[in-house]
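Readers should treat all values here as calculations from the given coordinates under stated rules, not as data from a laboratory. Computed from a predicted structure; not experimentally measured. Cβ: placed from backbone, ideal geometry, glycine included. Neighbour counts: every protein chain shown.
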Amino acid sequence: MTEITPHFTLQEMTTTDYEEFKTSIVKIANKNKEKLEKLCWHLEAIRAIIGSPLAITSAIRSKELNSAIKGSKTSQHLVVEAADFIPTKKSAIMAFSEIVKSGYPFGQLILEKRGIGYLIHFGVGEKRQTLFSKEAGKYEPYDVSKVGA
């Protein structure tokens, strides 16, 4: 396994259920090593803030993979500036709250409903710092006043 930072590897940052896109994702990672390392260091900070390892569900995407999963055409995953994860030692809702309360800078933070649970999308980059909650396929402004309630 190729270690990027102490807790994140190239293999997990290029994870996908669509093996036909794996080679192109690894190529994108290799062409964007500096951005990938920066993203992983942000994830290291998030890991420390919430006190839980992170199971990466999606990070780097090729245009073809993004299209196959019906991702946003402006997804930060396409430019190596985002990762989706599930905390392994606490709920995503609790972890999301802790990230917001910590004041840690982010470009985009989304608590996203997936199946019977949630995952967290963390993005860096030039997007305005905003919070969204996704329920039943719809994004809505996240009410920060509810954090910790």
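Would you mind counting up the charge near Glu3? Only other residues with Cβ under 11 Å from its Cβ, with Lys and Arg at +1 and Asp and Glu at -1. Can you show the working numbers first?
On the way: positive: none; negative: Glu12, Glu37.
Within the 11 Å Cβ shell, the charges total -2.
Just the Kirkwood number for region 3-146, please: inverse of mean 1/r across all distinct Cα pairs, in Å, one decimal.
Working: mean 1/r = 0.0654 Å⁻¹.
Value: 15.3 Å, from the Cα pair sum.
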Which one of Gln11, Leu109, Thr88 has its Cα pushed farthest toward the positive end of the charge dipole of the chain, where Lys and Arg give +1 and Asp and Glu give -1 at the Cβ?
Leu109
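Given the DSSP H assignment, sum -39500 (n - 2.57) over each helix run of at least 4 residues in the chain and divide by its residue total; what's the result at 222 nm in deg cm²/dmol, nearest 500?
On the way: 5 runs with 49 residues, N = 149.
So the helix-based figure for the chain works out to -9500 deg cm²/dmol.
Calculate how many DSSP beta bridges within the chain are antiparallel, expressed in % of all such bridges and rounded to the nearest 5. Walk me through the numbers before you get to the answer.
Working: 21 of 26 bridges.
If I count the DSSP bridges inside the chain, around 80 percent turn out antiparallel.
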